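So the structure is just underneath, and the comments pick up after that.
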Amino acid sequence: MNGSKGYQASDASEKPEVVLSLRMVQRMLPLVQRIVDDILTRQRNLSRLLPEESRLDRERRQLDWPARQRRYRLKEEVAGVEHDLQGAKDELGELGVTLLDCERGRVGFPTMVNNRRAYFSWQPGDESLHSWHFAEECTCRPIPQAWLREISLSNKS
């Protein structure tokens, strides 16, 4: 594996692309796991709230006062959850992490492999980082033991 451990810029006018080393990704993983958990929780909340909001919107002209109040509170709650969800997605973006599959919470940590854009990938249920794929492909490959040994050796130094 080759690649840098920081930022690379192809043009001064472009925003530099994040390139993360496997070692850095492993350090970031606990934080990213919490952020992804927040994203999935907020998405579940929206899935629960949106059907009720939609029903109350359709029936808005026939609603009694308590149902209207519920509709107003629900709109505020949905807006708050959507705001928090976007905040969590933005936080991933600030870390340089890409949300690859919103429904499953699969994320990609950008890196370079053989001078090609790639991602180390993780999703909820994975106990650790164990796969990667090229950016233009969807097929995940196991992280080679040589890459993991390289990290182990550098941690002992």
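Only one residue in 23, 71 is of a type outside the set (Phe, Trp, Tyr), modelled with pLDDT under 95 and over 18 Å from the mean Cα position of the chain (by Cα), so which one is that?
One residue alone meets the criteria, 23.
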Within the range 126-145, does at least one residue satisfy the condition of being at pLDDT below 95, of a type outside the set (D, E, K, R), assigned to a helix (DSSP H, G or I) and at negative phi?
yes
From the list 4, 13, 47, 54, which one is out of contact with any strand residue (DSSP E or B) (no Cβ under 8 Å at 6 or more places or on another chain), surrounded by fewer than 17 Cβ atoms within 10 Å (Cβ to Cβ) and at pLDDT below 95?
13
Give the residues of the range 61-86 that are surrounded by 12 or more Cβ atoms within 10 Å (Cβ to Cβ) and either touching a residue at least 24 places away in the same chain (Cβ under 8 Å) or farther than 19 Å from residue 50 by Cα (or both), sorted by residue number.
74, 77, 78, 81, 82, 84, 85
Could you check the range 87-125 and list, in sequence order, the residues that are part of a helix (DSSP H, G or I) and either buried (at least 17 other Cβ atoms within 10 Å of the Cβ) or in contact (Cβ under 8 Å) with a residue 40 or more places away in the chain (or both)?
88, 89, 91, 92, 95
Check the range 52-73 and report whether any residue there is out of contact with any Pro (no Cβ under 7 Å at 6 or more places or on another chain), under 25 Å from residue 121 (Cα atoms) and among the hydroxyl-bearing types (Ser, Thr, Tyr).
no
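The values are calculated or read from the model by the stated rules, or taken from the named source; none is laboratory data. What you are looking at is a predicted structure, and each value in this text was computed from that prediction instead of being measured. Neighbour counts run over all protein chains shown; Cβ positions are idealised from the backbone, glycine included.
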